[in-house]
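Visitor: Below is a structure I'd like to ask you about.
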Amino acid sequence: MPDLSTNSIAHASQQLEIGHPQWRLVGPLILLVCQAILLGPLMADYPEIEFRSETLEYEQASLNGVKLWLESDGRFKITSERIELESADRELTEITLSGAIDSVSFNDEESSLQGRLEYDSVKAEFEAHTKPEEFSAVLKMDGFEIEKLKQMIDLPAVANWVSRGHVDAVASYRAATGKSPEISLVMNWNDLAFDSPDGRIAADALFMEVSVAAPVNELPSVLMSGTIRRGELLIEDFYRNFGDGELDFSMHPAWRNEELEIRAIRLTDNHSLEVEASAKFSLQQFSDSLALEINRLELGFPGAYSRYLESAAAAWTLNGLEVTGHISWSGEWTEGAFSSGDLDVKDLTIVDTQRGRFAVTGLNARLRPGDHDFDSLLSWQGLLLGRINLGAARVSLDSEPGVFAIVEPLHLSMLGGRFSLNDLKVILPGVSSGVAGEPDIRLQARLEKLEMEQVTAALGWPSFQGKISGEIPGVRLEGGVLEVEGEIRIDVFDGSVSLGDLRIERPFGVLPSLAGTLEATNLDLEMLTSTFSFGQISGRLDGFVHDLRMLDWQPVAFDAWFGTPLSQSRSKGISRQAVNHLTTLGGGSATAALTGPILRMFNNFSYRRLGLGCRMQNNVCDVRGVSEDEVSVLLMEGAGVPKITIRAFNRRVDWPQMVAHLKAATGGESVRIGD
């Protein structure tokens, strides 16, 4: 067996460099292969060759104690005592690569060989071809476990996220005189699963076809393209199950010190999604470092909603919508905020079929933020809020990147009256100091002479007459919290009701909570009680609800009082039915039985004053009235003949039981919103 040292083939190896310094390592080895190609057909067996070198260098890798054996039957083995990787600051020891040359052929135009390789139980097939001033090689692997790859070579830290999967791969290398060597890799990733340490980026059972190509001297920047065919993917609030369709992609990713820059991003999903973009972010701080430039984003519905938007919208309980139409957008997102954005919405229809809260049809918008010479417009053919129909409208907008507002008040006919939106401003996520991912909304509006009969019908409440007017001085939705600036005043029941300190957390999310106060002044008791089938009571009513706290729209704490005002000096009337219901609510009984022989003759009585209060906490109501003594509280002080006085002797009442009594007192009716 010939013993070939590095010096003995130095001159020959230089002839194989093909104009590129990276052949310092592979040049001598390929010379041996070429010798086998040339000599093999002239001999019964391959020549037995042994090659040794103390050091071989390739880029930032140094191989020490390299040995190569080629047996007469074509089997070969390459070993290295130590491989030092300067870029990774690590070294590998005891590396053994074995295989066999299965066939060789040559002629004046081309020489080639085929064979098999094995490294650490990983098996592959290879073939190589040489032409004048050109060399190419192909390596094929089937069913390669990703865990083995992580153990064999140094990979970026993100590779540690991978927990499962295997890959079929074909790697190609081509070098020609006057050109930079090129490498390409075609991979089929099967059953891929990964999970970031914080759980914000994850995948399971992904099946992908991926092609990677790059000139050797431009690594680690590559051209990547492929298709995601099956599996699940989670990125922050975005979730996609690819069982309902494929996603084609292409991009130029480049690694630079734990930062990933992705140029020329293209995404295509069967008319549901078209994206042309570029991005840059750190894998350690994805959200804070993300810089995104969208050259073109096309969303086609309903596919875009079900595949890409519904999972994020679920955080606002905006899942389960029916959406049709088209949206196109271009813009930039840097440092957690919009810095530009052009938006076109065409014939968009959104219907909340699952919860019946709203519907908008024929929505069109043209926004050019920051371009004040462009008329930004918003229009719709139909708008339904619950059962309230607001009809069609058109409004001009003043917009900046990530912000838009109405230019002039918007007036809509509504429920026999008019709804005026005097001011509306929407600040998209990241522009203000609000919580990322939620818009900042501010508005001011007024209601004018709405017909109460239509209002109650639309809300599914008991019907009553009259008109309602009111003002909403200012509303802000910021960081997931809706706050009313000032008081909402409503004229109703010939009196007024004001809502103040109103604050709603998670209004569109899970377990919304509400806090606020209510003040009622000079309400007409006869209009109020007849509306709710309580029985007729004449006179006036003042009241309040302080320290109101609601969770999931159910009260958990409040301090409430409703009673006749001090200014009501003359006695007023109350019906037998109202006396019975008020007695039941107080948990007590009338001082004289209404069933007595004489009292049966009376259907109406007189009273001087009445009132009922409740301080509720932990589902227990502490009852109070217009006065109290050691054993009871006075709910109604009668007047005239016969004189009916109502007292409550149980001062602590179970709140659910009291609500049940109230429902019974109003003929089983309950106030509810929508369905």
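Visitor: Name the residues whose placed amide hydrogens come within less than 5 Å of the amide hydrogen of G535, ignoring near sequence neighbours (fewer than 5 apart) on the same chain.
Guide: none
Visitor: Could you give the length gained by full extension between Q114 and F374, i.e. 0.36 nm per residue of separation minus their alpha carbon distance, to one decimal place?
Guide: Extra length available between Q114 and F374 comes to 87.0 nm.
Visitor: Tally Lys/Arg at +1 and Asp/Glu at -1 over every other residue whose Cβ is under 9 Å from the Cβ of L499; what's the total?
Guide: -2
Visitor: Determine the relative contact order of the stretch 455-525: mean sequence separation of Cα pairs under 8 Å and six or more apart, normalised by residue count, in whole percent. The partial results should precede the final answer.
Guide: Numbers: 132 pairs, mean separation 16.9, N = 71.
It comes to 24 percent, rounded to a whole number.
Visitor: So between E134 and K449, what do we pick up on full extension, going 0.36 nm a residue minus the alpha carbon distance? Spell out each step's value before the answer.
Guide: On the way: separation 315, 0.36 × 315 = 113.40 nm, distance 8.69 nm.
104.7 nm is the gain from fully extending E134 to K449.
Visitor: Using a 1.4 angstrom probe on heavy atoms only, work out the carbon and sulfur share of the accessible area of the stretch 443-545 in %.
Guide: Whole-percent figure for carbon plus sulfur exposure: 55.
Visitor: As a quick test, which of the pairs K77/K140; K77/K148; K346/K425; K467/K643 have an alpha carbon distance above 25 angstrom in this structure? Can you show the working numbers first?
Guide: On the way: K77/K140 19 Å; K77/K148 21 Å; K346/K425 22 Å; K467/K643 36 Å.
Checking Cα-Cα distances, K467/K643 exceed 25 Å.
Visitor: Here is a further query. Local charge sum around T227 (other residues, Cβ-Cβ under 13 Å, Lys/Arg +1, Asp/Glu -1)?
Guide: Taking every Cβ under 13 Å from that of T227, the sum is -1.
Visitor: Same structure again: Report in % the part of the accessible area of the stretch 186-239 that belongs to carbon and sulfur, leaving out ligands and nucleic acids; probe 1.4 Å.
Guide: 58 percent
Visitor: Excluding same-chain residues fewer than 8 positions from K572, which aspartates and glutamates have a Cα within less than 20 Å of its Cα?
Guide: Cα-Cα hits under 20 Å: D494, D524, E526, D542, E637.
Visitor: Quote to one decimal, in nm, the extra length available between T334 and A557 on full extension: 0.36 nm per residue of separation minus the C-alpha distance between them. Intermediate results must be reported in sequence, preceding the final value.
Guide: Numbers: separation 223, 0.36 × 223 = 80.28 nm, distance 4.35 nm.
Extra length available between T334 and A557 comes to 75.9 nm.
Visitor: Roughly to the nearest percent, how much of the accessible area of the stretch 345-402 is carbon and sulfur, given a 1.4 Å probe?
Guide: 50 percent
Visitor: Tell me, what is the per residue accessible area of the stretch 187-255 in Å², probe radius 1.4 Å?
Guide: 47 Å²
The values are calculated or read from the model by the stated rules, or taken from the named source; none is laboratory data. Since the structure is predicted, the reported quantities are computational estimates derived from the model, not experimental observations. Every residue, glycine among them, receives a Cβ derived from its backbone with ideal geometry; neighbour counts consider all protein chains shown. For the accessible areas, the whole protein counts, side chains as well, though only heavy atoms, and no ligand, DNA or RNA atoms are used. Shrake-Rupley method; radii C 1.70, N 1.55, O 1.52, S 1.80 Å.
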